[in-house]
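Reviewing the structure listed below.
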Amino acid sequence: MENPNPLKDLKFEAARKRCRALKAEVKKLETKQFASPGAVVLQKFVSQANEAILGYLEAESGNPDLSLLAPRELELRVHRACRFVPFLYAQLGIFIGAEINNVPAEAVMPLRRFLRDILPGSEILLRSSAELNYSIVEIADDIRRLFGETPFADSTKLLPKAFFVISVPPLEANDILLHAILAHEAGHGIDKQKMVSDKIVPKVPEKLVNAWASRLAAETEKEKGEKGKTIGLPLQEPTLRSLITESVNKTIRGWISELCSDALALITFGPAYFFGFVNFFSTISTLDGSSGSHPPPRLRIRLMCQCMREKLGYQDDGVVEGFLKPWEDIGKEAVSPATTLEARLALEVFTPGVLSAISDSSASAVPETMRYTYMRFVQQVNDIVPLLVENIPAIDVLTTMPARVDGPEEKPKESSEVRSIPYSPNCPAIAQILNAGWFLRLARFDKFRANLPKSVGEDVRASERQLHNLILKSLELIEVKRRWDEIKEKLQERKNAP
């Protein structure tokens, strides 16, 4: 007769109970509407992994060989499956804020196309989180590593090559222009897959590290002598030098990753990212504030302005220049001394040469045909902004196109010419529309407001909401048109097939 083992029985029963509860929760998720196709992919993975774990638990609970194991061996054997249950529960948290009414649903598919153009085989799930920050996390690799070499590894075959969970602040849900910041998060995905930042290896300022290590060691000895006792654990100079170097290297790596993502965002998405960045970060950070993972915004602005001129081929004009030049001057100013030693020493590394290396490495990671250029920006402004100013959604093909209007008092003239926005698969619609939208907001907003109903146009915030809705509608209609064209093309291919 098998000896009762309360621990084994409890672990098996508790795990099975939670798996059944998880199964019910996934069923509830299937009744909800999510804006991102990635939600269905993640649901299927959680469901299949949960079923595999439940089946394993059922089989193991009746395994007579378990009685031959020592108590500790038995516990570890049972825990091999039980430990995955809390992980699957945690994945359900990703769905919080991903419902269709919590995110700008019209932007999801264009954003997905943008990311897939750069990183083929990737999938996204867009969600809002109770945090004033934009973030991106790739989860597929971690899941595959966790489930690899286990009885449940087959469930990971449902996952795409890369699965990006993108979080946006709910407070910014009504400002689609700020969502250009998501290009930076996509930049992190490019950096991770193509190891852009790994190619930038600046030298730590050894002389400064040595000087600070000597200074700190001397101060420690002095304090010890004055008080006649050791304060904490005394560290010798070589140890201090090693600790400082390690900490500074970690800070430098974090900063390079962020700066590469900034450069990649500009190179793939255009000036809209820069406009969104300065508007967003002016609220949540000081120009010289930094951390172990993020460099000062002033340094980031310096890199982006340099990148816009060197990589995008930006040329001075009377509109964007008026916005860019003051920020460029701000970026050129010296960064105030950092509050931490690591940041102070890390700042010494980021010379103009290192910033140029970051821009060069980032540009080389993006195919030339997919790099955004200032000429594209000019073309998109000329083709799209006149439509938006007249409060007309910018879709691929319009049967009528208002001629250029020099003043709000003039009525637009109608033309029977079919006008197409020059869409290129190398320049995603979301980049086109947001760049044009930012230009309108900075340079044509008064004209846009003049064409709105008086009660709306006289209210700045109401006018901004109308621009937000117009841009979302443009993205939605363009995506519908793209899908329609793709389906027609597939049908034509089938028709032409022998």
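Values in this text are rule-based calculations from the coordinates and carry no lab data. These numbers were taken from a predicted model, which means no experiment stands behind them. Methodologically, a virtual Cβ is constructed for each residue, glycine included, from the backbone with ideal geometry; neighbour enumeration extends over all protein chains shown.
Seen from all sides and averaged, what is the projected area of the convex hull of the Cα atoms in the chain, in nm²?
Its average projected convex-hull area is 34.8 nm².
What FRET efficiency, computed as 1/(1 + (r/R0)^6) with R0 = 60 Å and r the Cβ-Cβ distance, is obtained for ALA211 and ILE487, rounded to the nearest 0.05?
Working from the Cβ atoms, E equals 0.35.
One-quarter of the Cα convex hull surface for the range 236-282, in nm²?
Orientation-averaged projected area of the Cα hull: 4.2 nm².
By how many nm would the segment from SER285 to GLU348 lengthen if fully extended, with 0.36 nm per residue of separation less the alpha-carbon distance?
Length gained, SER285 through GLU348: 20.6 nm.
Kindly state, to the nearest 0.05, the FRET efficiency for THR373 paired with ARG77, given R0 = 60 Å and r defined as their beta-carbon distance.
Details: r = 60 Å, r/R0 = 1.00.
Once rounded, the FRET efficiency stands at 0.50.
Please go through the residue pairs LYS11/LYS157; LYS161/LYS199; LYS192/LYS311; LYS194/LYS325; LYS447/LYS473; LYS32/LYS157 and name each one whose alpha carbons sit more than 26 Å apart in this structure. Mind dumping the intermediate values first?
Numbers: LYS11/LYS157 28 Å; LYS161/LYS199 23 Å; LYS192/LYS311 21 Å; LYS194/LYS325 32 Å; LYS447/LYS473 20 Å; LYS32/LYS157 24 Å.
Violating the 26 Å Cα-Cα cut-off are LYS11/LYS157; LYS194/LYS325.
Along the positive direction of the dipole of the range 52-111 (beta-carbon charges: Lys, Arg +1; Asp, Glu -1; about the Cα centre), which of ILE53, GLY97, PRO110 reaches farthest?
ILE53
If I model a spin label at PHE445 and ARG116 as a point 7 Å from the Cα along the Cα→Cβ vector, what separation in nanometres do I get?
Using points 7 Å along Cα→Cβ, the separation is 3.5 nm.
Estimate the FRET efficiency between ASN101 and LEU68 by the formula 1/(1 + (r/R0)^6), using the beta-carbon distance for r and 56 Å for R0, to the nearest 0.05.
E between ASN101 and LEU68, to the nearest 0.05, is 0.50.
Round to a whole angstrom and tell me the spacing of the C-alpha centers of the range 325-380 and the range 99-159.
Cα centres, the range 325-380 to the range 99-159: 28 Å.
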